[in-house]
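So the structure is just underneath, and the comments pick up after that.
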Ligand code: FAD
Ligand code: NAP
């Protein structure tokens, strides 16, 4: 443990997931001294922690990887359309080794505070090992989905069996063979893990509060031809992704939903359904803004799902009816709905019969008690703001970021905050973030931040700080764009609805990835419009 204060660091990066790793590499290339602090003992972020059975990406592997290095792209070979957690983690550790990133990362070390010195415009970062480091820039690559939520169920801590959270899964894996298992939660993590747990468990009870839309992934091994073709055409694949609405090379149907004939519409949904996954919500460009269009997609979806569930009463419970399709992230599954046809699987609607308590032997709902050997919590995250709120970030005049954001996060472009000069957010609120392919999104943010730092140095500035006006205008713009869509209709984690007491604000830029990148480029091109550039005092 050291308490020495270093003053020679240019940049501190918090987090060694996709964002932090690239930040370290890019800043080093720019000749800056960088230090990364990572709470975990290894790189990977999301993919280090979320090891539950069935964990995979829902953006195709060929797209969900770094684009900045043609060499990395050509050397790595994905084996499946949607890579498993372990394959993604292997990829990230391979990148870290190849680019010699570990030497810049201090593992097992959590940043607890980051405090601005207004005179020097430097930040002092303190860690849980009581190390203090000062730096000119701080980059918070702390992840939008990195603070898992444990539900406040009376008696949870008295359960006599094993409790697992999908986001803190044991590294050695879990064998549920012969066990009576209860899964609480049916978001993406639950939907991916339930079919696999069901194959092992003697009995599986799925405690579902709100059903979710889930589209079959159509996962499969990639063929040698597909890989060769993708590698030969990566430039075009990436070009399409950068110019897309969500960072993947997807192109919506050329017509709007209701302009298409019923046959064209059906064929388009069918084609997208067979391609698989979350992009079903983008089959037509207007699906997320026009309720009539959305309803067409929803009806198609409902037919598909009813067709694979044996018991109509179970189907009724599994089909969402409280939000337009796509307004919560669509889950991507392999045999999720078919799992409820198994004799060892029971669906318990805790909307109808709420969970009242947990005791040593299991879960009690308002209707009955369920004896269990293990409970799996697939209960999600305090998304977008939860992890940042755990760090004591203190800017000008002693202002705390968490206080400033108590009514909802306020940023400019999702990158900067007024009162917090030289503090950058990666994939933070106010950016498209989780609405886009997050690897490309992280690259875009780091590239923008590194360019901004380069600009400061070239022009003799000490710091860059968003103006309060720019933040206000950006937040108003984000809200206006969100209000023009169907997204605010859902009680999603996008609006903080999953965290009791959290301000209800749509926390993302919904205008599309390419549009967002254009705005960021325009801001930079105009000499960082909306930011104040500060000379050293
Ligand atoms: P993270 O990967 O979350 O990394 C943040 C790191 O910061 C963590 O390692 C954390 O330990 C560290 N950290 C946080 N606070 C501190 C602190 N105070 N001190 C030190 N270290 C700290 N997105 C997609 O685009 N496609 C997908 O298919 C996809 N699948 C997902 C599946 C799951 C199960 C989950 C949970 C998320 C998924 N996401 C997906 C979103 C995913 O979070 C991003 O794609 C991406 O991995 C985020 O990278 P990141 O570097 O921004 O953050
Ligand atoms: P989530 O979508 O927030 O789902 C959490 C689930 O837990 C919901 O079904 C929720 O029900 C339920 N829940 C929470 N507290 C509960 C309680 N007290 N009682 C009963 N049920 C409770 O979280 P997630 O599944 O971890 O996914 C979060 C995000 O991570 C995803 O949207 C996605 O962006 C990303 N992710 C992606 C993948 C992938 O496919 N690549 C996989 C996992 C995660 P309510 O809806 O009623 O609140």
* Quick one: in the range 132-162, of everything that is within 16 Å of ligand 1 (Cβ to nearest atom) and within 30 Å of residue 363 (Cα to Cα), which residue is nearest to the chain's Cα centre (by Cα)? => 145
* Structure fact -> Given (1) away from ligand 1 (no atom under 16 Å from the Cβ); (2) touching a helix residue (DSSP H, G or I) at 6+ places or on another chain (Cβ under 8 Å); (3) in contact (Cβ under 8 Å) with a residue 60 or more places away in the chain, residue 320 misses just (2)
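Kindly state which helices (runs of 4 or more DSSP H) lie completely within the range 1-114 and contain at least 1 residues that are within 13 Å of ligand 1 (Cβ to nearest atom) and under 19 Å from residue 168 (Cα atoms).
Working: elements: 18-29, 46-49, 70-75, 85-98.
Those helices (runs of 4 or more DSSP H) span 18-29, 46-49, 85-98.
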* Structure fact -> If you go through 181, 251, the only one that is in contact with a helix residue (DSSP H, G or I) (Cβ under 9 Å, 6 or more places away or on another chain) and at pLDDT below 95 is 251
* For residue 81, all conditions in the list (1) under 26 Å from residue 125 (Cα atoms); (2) surrounded by fewer than 21 Cβ atoms within 10 Å (Cβ to Cβ); (3) within 15 Å of ligand 2 (Cβ to nearest atom) hold save one; what is the number of the exception? -> (1)
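Taking the conditions exactly as written (on the phi > 0 side of the Ramachandran plot and crowded, with 21+ Cβ neighbours inside 10 Å), does residue 19 satisfy them or not?
Working: on the phi > 0 side of the Ramachandran plot: no; crowded, with 21+ Cβ neighbours inside 10 Å: yes.
Spelling it out, it is not the case that residue 19 is on the phi > 0 side of the Ramachandran plot and crowded, with 21+ Cβ neighbours inside 10 Å.
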* Residue that is farthest from residue 360 (Cα to Cα), among those in the range 196-212 that are within 16 Å of ligand 2 (Cβ to nearest atom) and touching a strand residue (DSSP E or B) at 6+ places or on another chain (Cβ under 7 Å) -> 212
* Residue within the range 117-129 that is out of contact with any strand residue (DSSP E or B) (no Cβ under 6 Å at 6 or more places or on another chain) and crowded, with 17+ Cβ neighbours inside 10 Å present -> no
* Asked: Within the range 166-175, is there a residue that is at negative phi, within 11 Å of ligand 1 (Cβ to nearest atom) and out of contact with any strand residue (DSSP E or B) (no Cβ under 8 Å at 6 or more places or on another chain)?
  -> yes
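Residue 313 - would you say it is more than 25 Å from residue 152 (Cα to Cα), surrounded by fewer than 16 Cβ atoms within 10 Å (Cβ to Cβ) and touching a helix residue (DSSP H, G or I) at 6+ places or on another chain (Cβ under 7 Å)? Before the answer, list the steps.
Details: more than 25 Å from residue 152 (Cα to Cα): yes; surrounded by fewer than 16 Cβ atoms within 10 Å (Cβ to Cβ): yes; touching a helix residue (DSSP H, G or I) at 6+ places or on another chain (Cβ under 7 Å): no.
When the stated conditions are applied, residue 313 does not pass them.
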* When you go through (1) in contact with a strand residue (DSSP E or B) (Cβ under 8 Å, 6 or more places away or on another chain); (2) surrounded by fewer than 20 Cβ atoms within 10 Å (Cβ to Cβ); (3) in contact (Cβ under 8 Å) with a residue 40 or more places away in the chain one by one for residue 152, which number turns out not to apply? -> (1)
* To do: Determine, yes or no, whether residue 497 is within 16 Å of ligand 1 (Cβ to nearest atom), more than 22 Å from residue 21 (Cβ to Cβ) and free of Cβ contacts under 8 Å to residues at least 60 places away in the same chain.
  => no
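Part of a loop (DSSP other than H, G, I, E, B) and surrounded by 17 or more Cβ atoms within 10 Å (Cβ to Cβ): does that describe residue 142?
Numbers: part of a loop (DSSP other than H, G, I, E, B): yes; surrounded by 17 or more Cβ atoms within 10 Å (Cβ to Cβ): yes.
Yes.
Results for (1) within 16 Å of ligand 2 (Cβ to nearest atom); (2) modelled with pLDDT under 95; (3) within 20 Å of residue 136 (Cβ to Cβ), shown as yes or no for each residue.
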{"residue": "386", "(1), (2), (3)": "yes, no, no"}
{"residue": "395", "(1), (2), (3)": "no, no, yes"}
{"residue": "401", "(1), (2), (3)": "no, no, yes"}
{"residue": "428", "(1), (2), (3)": "yes, yes, yes"}
{"residue": "432", "(1), (2), (3)": "yes, no, no"}
{"residue": "435", "(1), (2), (3)": "yes, no, no"}
{"residue": "439", "(1), (2), (3)": "yes, no, no"}
{"residue": "447", "(1), (2), (3)": "no, no, yes"}
{"residue": "451", "(1), (2), (3)": "no, no, yes"}
* Could you tell me whether the range 513-534 includes any residue that is under 26 Å from the mean Cα position of the chain (by Cα), outside any helix (DSSP H, G or I), at pLDDT 95 or above and crowded, with 21+ Cβ neighbours inside 10 Å? => no
* Contacts under 7 angstrom Cβ, first residue in the range 39-68 being in contact (Cβ under 8 Å) with a residue 40 or more places away in the chain and closer than 13 Å to residue 238 by Cβ, partner within 9 Å of ligand 2 (Cβ to nearest atom) and part of a loop (DSSP other than H, G, I, E, B), 6 or more apart -> 60/82; 64/57
* To do: Could you please let me know if residue 342 is away from ligand 1 (no atom under 16 Å from the Cβ), under 27 Å from the mean Cα position of the chain (by Cα), surrounded by fewer than 18 Cβ atoms within 10 Å (Cβ to Cβ) and at pLDDT 95 or above?
  => no
* To do: Scan the range 241-287 for residues that are more than 29 Å from the chain's Cα centre (by Cα), touching a residue at least 12 places away in the same chain (Cβ under 8 Å) and under 16 Å from residue 301 (Cβ atoms) and jot them down.
  => 265, 266
* **Filtered residues of the range 160-206 (kept if surrounded by 20 or more Cβ atoms within 10 Å (Cβ to Cβ) and assigned to a loop (DSSP other than H, G, I, E, B))** => 169, 176, 185, 186, 187, 201
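Look through the range 221-248, keep the residues that are in a loop (DSSP other than H, G, I, E, B) and on the phi < 0 side of the Ramachandran plot, and return whichever of them is surrounded by the fewest Cβ atoms within 10 Å (Cβ to Cβ). Steps first, answer last, please.
First, pick out the residues of the range 221-248 that are in a loop (DSSP other than H, G, I, E, B): 222-223, 233, 243-248.
Those left that are additionally on the phi < 0 side of the Ramachandran plot: 222-223, 233, 243-246, 248.
On the way: 222: 17, 223: 9, 233: 13, 243: 16, 244: 22, 245: 22, 246: 21, 248: 22.
Selected residue: 223.
The values are calculated or read from the model by the stated rules, or taken from the named source; none is laboratory data. Note that the coordinates shown come from a computational prediction; the quantities given were computed from them, not determined experimentally. Here Cβ is always computed from backbone atoms with ideal geometry, including for glycine, and neighbour counts include all displayed protein chains.
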